[in-house]
Amino acid sequence: MPEGIKQMLTRRHFIQTSAALFSTPIASPLLAATRPTEAQKAAWDAQVTPPGFDPATSNPWGLHPRFLPQRVVAKGRLVPGDIHVDAVARYIYHIEEGGTAMRYGVAIARGNLYEPGTYTIRRKVEWPHWTPTQNMIARDPELYANVADGVDPGPENPLGSRALYLFVGARDTYLRIHGTPEPRSIGGRASSGCVRMVMAHINHLYPNVATGSTAFLYSAEDSVTPRS
């Protein structure tokens, strides 16, 4: 790997943050009745994956090149399998064996909806259903009221092609790391709380993430600071 693309991740930026305070959970969202077949999921995967997809170079979305997936050096005693989200640089890192990490560009929540903390990934879903929470509907009724009953899986679903479900203990926080049908939002603050990824990128990450892994969402003050 060329030295110019390596980033050094210092151990001090991966110190575990205190768990954020969360509101009382609402009732579980209803799931739509339909579930995609394996053939349908494969067809959708092909639809959202550029021809000849190369994670490091494929960019039909017009992203800034720094948001394309890169394997980087991860210094310090980082736990392979863990995920770290940098709120400032808009990166997600998946720590690998051997002192490396895969880095992807992300979008985070807008305003004060981003919730730093330490989470456990207790569920993974390919082509998930999505239902807005009651808080989302109350906050943005014009945006969410007409989909209050949920959205079936597919390339236009707000959770996209894959979703990693973030829990605190046994409680679902309704925060997700997920694909997005709005790839041009990557690098910005756009969601209602979740961490967004390009669908082809989360498809690349997804099989390497195990349930039970820890996800660290850093605040702006504690975020990872890459350096060459």
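Observations on the model:
- Taking 0.36 nm per residue of sequence separation and removing the Cα-Cα distance, the ASN59/VAL88 pair yields an extension gain of 8.2 nm.
- Per-residue HN-Hα couplings for the range 72-83 [Karplus 6.51, -1.76, 1.60; θ = phi - 60°; Hz; x = Gly/Pro]: 10, 7, 10, 8, x, 8, 8, 8, x, x, 6, 10
- Semi-axes of the equivalent ellipsoid for the range 55-218, Cα gyration tensor, largest first, Å: 25, 18, 14
- Listed peptides 61-67, 179-185 appear in the order 179-185, 61-67 once ranked by packing, highest mean of other Cβ atoms within 10 Å at the front.
- Summing +1 for each Lys or Arg and -1 for each Asp or Glu among the other residues whose beta-carbon sits under 15 angstrom from that of THR49 gives -1.
- Considering all different alpha carbon pairs of the range 145-199, the Kirkwood hydrodynamic radius works out to 12.0 Å.
- The stretch between ASN146 and ALA210 holds 19.6 nm of extra length on full extension. This uses 0.36 nm per residue minus the Cα-Cα distance.
Values in this text are rule-based calculations from the coordinates and carry no lab data. All values derive from a computational prediction rather than experimental measurement. Positions of Cβ are generated from backbone atoms using ideal geometry, with glycine treated the same way; all protein chains shown enter the neighbour counts.
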